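Report on the structure given below.
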Amino acid sequence: MTDTTFETDRTPTRFGPAQAAVLVAGARGTYARGVTKPLAWRERQLRALRRMLVDNGDLLCEALAVDLGKSATESMITEIGFTVNEIDHTLRHLRSWLRPERVPVPVTLPFAKARVIREPLGVVLVIAPWNYPVQLALTPLAGALAGGNAVVVKPSEVSRASAHALSQLLPAYLDQDAVHVVEGGVPETTALLAQRFDHIFYTGNGAVGRVVLEAAAKHLTPVTLELGGKSPTYVDDTADLEAAARRIVWGKFTNAGQTCVAPDYVLATREVIDGLLPLLTQAIGDFFGDDPASSPDYGRIINDRHFDRLSNLIDPARVASGGGCDARNRYIEPTVLDGITGDDLVMQDEIFGPVLPLVEVAGIDAAIDFINERDQPLALYLFTDDAATRRRFERETSSGGLGVNIPLAHLSVPDLPFGGVGPSGMGAYHGRASIETFTHAKGVLRQPTRPDSTALVYPPFAGVKQRLVQLLLSPRRRR
Ligand code: NAD
């Protein structure tokens, strides 16, 4: 069957439970026939996915501009180029990642051979969010294909133009019996979640993450949750403040702050804040000019709901830089707030927009306490020149990832697993971590029948056998 025949939210008949059941049964049938398992099929799909991105870069950039006002260059770097790099890295290493891994056997199993085999999971559901609609749908898709699975992709209805582009393009390049795209929102996702999948990979907010986990529990389906939260940034007095300011501004205002790993807020002493603040303002001006509204490199807020939420977080009395809002264009100026404490409204939830609060702390101990008193973040950033401070952050804080003197960029290192911890998520992907997520590590033990070394553990246990068992297995011997 092909995915071009079922309903999208642009067609009169909606995609409901019956269509979801047919779709998943079709994908399961394809998987059961073994179509997706050969390395050659996986490589073919990955190359086709890469070709789709290269052939249709302009079209995808247009869709991203409609959804998020992203510049073509930003889309090329953070969406299309990012995904192509991930595919290239996977194609380079897939064969070796899939090679069975020999592991040692205990003395009680002489002549035996033990190996770990990576087997595909079956049918995978990928549920993507709106903020990087191409990258966050296609990078998990690439991982699931590399793992040898059939895949159903559900892009976000919030980034409608990108979702529609993906639903048109993917079937034209990929194996239509194994890869399906479902456009739609809550009803369509709910219909899909009622089906049994072999893995669900969800990216988005934690409230829906709980809905996904609950639905998965009914089928005992394993789940990866790529969630968000407030990612703190600590700047100490040894940091190069000019570099810190430019990098924080880049990390915060890329995609108009709608990045799951954007620096959410800055922690620093009053002296550091006073030094940093003019440099932040200067970096904003350098990057986006005097009027960021007219900069082709500055994005827009995804919809009116998020615009209203964000403009409500800007307390005019605390604005140190920016603060301008234009509801008609869903434009929010790059904004820095000073004099913010942990009790302020802007510090209650993930900001997910171009508003950067500066929070004064007494020093490193207070900064670490501030971080540890709150949810474990998806990312934590530290600007310092001091190795002891870096080591303290590595040991004394917990976060999905840690960036020292650079935000966001840890995502672009394909060998670093990317994922959250605690409320910021469970599981990880990118590079080899995607293979670990999208395959099952099957332990295989092979024992020759002759000589029968297993006879050692057969009763009756007496005489030489008893002494041998004591010699080989006694807890005292193991010490
Ligand atoms: P969203 O609104 O697009 O929702 C994500 C997906 O969930 C969509 O496909 C949507 O259709 C589906 N969905 C929404 N409500 C649902 C429901 N009730 N039942 C079933 N499915 C439902 O995106 P969002 O949640 O606003 O995304 C922003 C959040 O995602 C932020 O918290 C951000 O930090 C996080 N995020 C995390 C990562 C990461 O890699 N860890 C990346 C991007 C975004």
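Every number here is computed from the coordinates shown, using simple stated rules; none is lab data. In this text, all values refer to a predicted model and were calculated from it rather than measured experimentally. In this analysis, Cβ positions are derived from the backbone assuming ideal geometry, glycine residues included, and neighbour counts consider all displayed protein chains.
If you place +1 on the Cβ of every Lys and Arg, -1 on the Cβ of every Asp and Glu, and leave all else neutral, what size is the dipole of the stretch 232-418 about its Cα centre, to the nearest 20 Debye? Don't jump to the answer; show the numbers that get you there.
Numbers: 15 positive and 31 negative charges, 110 e Å.
Value, rounded to 20: 520 debye.
Dipole magnitude of the stretch 146-246 about its Cα centre, charges +1 at Lys/Arg Cβ and -1 at Asp/Glu Cβ only, in debye to the nearest 20? Each step should come with its number before you reach the end.
Working: 7 positive and 12 negative charges, 84 e Å.
In total the dipole reaches around 400 debye.
Restricting to Cα atoms and excluding each atom paired with itself, what does the Kirkwood estimate give for the stretch 232-418 in Å? Walk me through the numbers on the way to the answer.
Working: mean 1/r = 0.0605 Å⁻¹.
Taking every pair of different Cα atoms in the stretch 232-418, averaging 1/r and inverting gives 16.5 Å.
Fewest first, what order do 260, 325 take by the number of other Cβ atoms within 10 Å? Walk me through the intermediate numbers first.
Working: 260 26, 325 18.
The most exposed by this proxy come first: 325, 260.
Charges on Cβ only, +1 for Lys and Arg, -1 for Asp and Glu, centred on the Cα centroid of the chain; of 109, 352, 69, which one is farthest towards the dipole's positive end?
109
Pick out, from 187, 272, 301, the residue whose Cα sits farthest towards the positive end of the charge dipole of the chain, with +1 on the Cβ of Lys and Arg and -1 on the Cβ of Asp and Glu.
After comparing all options, I get 187.
Would you grab the residues whose amide H sits under 5 Å from the one on residue 179? Only those 5+ places off in sequence or on another chain, please, with H modelled 1.01 Å from N.
151
Under the classification rounded if a/c is under 1.5, otherwise prolate if a/b is larger than b/c and oblate if not, where does the stretch 289-397 fall, given a ≥ b ≥ c as square roots of the Cα gyration tensor eigenvalues? Let's see the in-between values first.
Working: a/c = 2.22, a/b = 1.95, b/c = 1.14.
In terms of gyration-tensor shape, prolate.
For helix 160-173, report the angle its Cα long axis makes with the longest principal axis of the Cα atoms of the chain; keep it between 0 and 90° and round to the nearest 10°.
Tilt of helix 160-173: around 40 degrees.
How much length is gained if the chain between residue 442 and residue 394 is pulled fully straight, taking 0.36 nm per residue apart and subtracting their Cα-Cα distance, in nm to one decimal? Don't jump to the answer; show the numbers that get you there.
Details: separation 48, 0.36 × 48 = 17.28 nm, distance 3.25 nm.
Extending this stretch completely gives an extra 14.0 nm.
Could you run the Karplus curve 6.51 cos²θ - 1.76 cosθ + 1.60 with θ = phi - 60° over the stretch 430-444 and give me ³J(HN,Hα) per residue in whole Hz, x for Gly and Pro?
Whole-Hz 3J(HN,Hα) from phi for the stretch 430-444: 5, x, 4, 4, 5, 5, 5, 6, 9, 9, 9, 7, 8, x, 10.
Can you tell me the length gained on complete extension of the stretch residue 295 to residue 22, counting 0.36 nm per residue apart and subtracting the Cα distance?
Working: separation 273, 0.36 × 273 = 98.28 nm, distance 4.71 nm.
The residue 295-residue 22 span can extend by a further 93.6 nm.
Would you please put 402-414, 382-394 in order of how densely packed they are, using the mean number of other Cβ atoms within 10 angstrom per residue and starting with the highest?
402-414, 382-394
Normalised by the number of residues in the chain, what is the relative contact order in percent for Cα pairs under 8 Å and 6+ residues apart? List each step's numbers first, then the result.
Values: 931 pairs, mean separation 86.2, N = 479.
Relative contact order for the chain comes out at 18 percent.
Sorted by packing (mean other beta-carbon atoms within 10 Å per residue), highest first, where do 426-433, 236-243 land? Write down the numbers at each step before the final one.
Working: 426-433: 20.5, 236-243: 16.4.
By packing density, highest mean first, the sequence is 426-433, 236-243.
Given the stretch 294-335, what whole percent of its Cα pairs are spread farther than 11 Å? Intermediate results must be reported in sequence, preceding the final value.
Working: 543 of 861 pairs.
I get 63 percent for the Cα pairs in the stretch 294-335 exceeding 11 Å.
Once you have the alpha carbon radius of gyration of the chain, what is it after dividing by 2.2 N^0.38 Å, with N set to its residue count?
Values: Rg = 25.7 Å, N = 479, 2.2 N^0.38 = 23.0 Å.
So the chain has a normalised radius of gyration of 1.12.
Starting from the Kirkwood Rh over alpha-carbon pairs, what translational D in µm² s⁻¹ does the stretch 17-228 have by Stokes-Einstein at 37 °C and 0.692 mPa s? The partial results should precede the final answer.
On the way: Rh = 17.9 Å.
Translational D for this selection: 183 µm²/s.
Relative contact order of the stretch 232-418, please, whole-number percent, based on alpha carbon pairs below 8 angstrom and at least 6 residues apart.
On the way: 325 pairs, mean separation 53.6, N = 187.
Contact order relative to length: 29 percent.
Would you pull out the residues with amide H under 5 Å of residue 383's amide H, same chain only if 5 or more places away, H placed 1.01 Å from N?
234, 235, 236, 405
Note down the magnitude of the dipole of the chain about its Cα centre, charges +1 on Lys and Arg C-beta and -1 on Asp and Glu C-beta and zero elsewhere, to the nearest 20 debye. Before the final figure, lay out the partial values.
Details: 49 positive and 55 negative charges, 819 e Å.
In debye, rounded to 20, the chain gives about 3940.
Within the stretch 296-321, what residues put their amide N at less than 18 Å from the label point 7 Å along the Cα-to-Cβ vector of residue 344?
309-321
Lys/Arg Cβ at +1, Asp/Glu Cβ at -1, dipole of the stretch 10-93 taken about the Cα centre: which of 41, 78, 90 is farthest positive-ward?
Result: 41, furthest along the dipole toward the positive end.
For 298, 31, what's the fewest-to-most ordering of other Cβ within 10 Å of each Cβ? Please list the in-between numbers first.
Numbers: 298 26, 31 23.
Least to most surrounded, the residues fall as 31, 298.
Work out, step by step, the length gained on full extension between residue 450 and residue 72: first 0.36 nm times the residue separation, then minus their alpha carbon distance; give nm to one decimal. The partial results should precede the final answer.
Numbers: separation 378, 0.36 × 378 = 136.08 nm, distance 6.59 nm.
Result: 129.5 nm gained on full extension.
Under a cut-off of 26 Å between alpha-carbon atoms, report the lysines in cross-link reach of residue 70, not counting same-chain residues fewer than 8 places apart.
In chain and number order, the partners are 154, 230, 252.
Please give, to one decimal in nm, the separation of the simple spin-label points placed at residue 326 and residue 93, each 7 Å out from Cα toward the Cβ.
In this crude label model, residue 326 to residue 93 measures out at 4.4 nm.
Looking at the stretch 32-63, which trypsin sites (Lys or Arg not before Pro) are DSSP coil and have at most 15 other C-beta atoms within 10 Å of their C-beta? Kindly include the intermediate steps, with their values, before the conclusion.
Working: sites: 33, 42, 44, 47, 50, 51; in loops: 33.
Within the stretch 32-63, the qualifying trypsin sites (Lys or Arg not before Pro) (loop, at most 15 other Cβ atoms within 10 Å) are 33.
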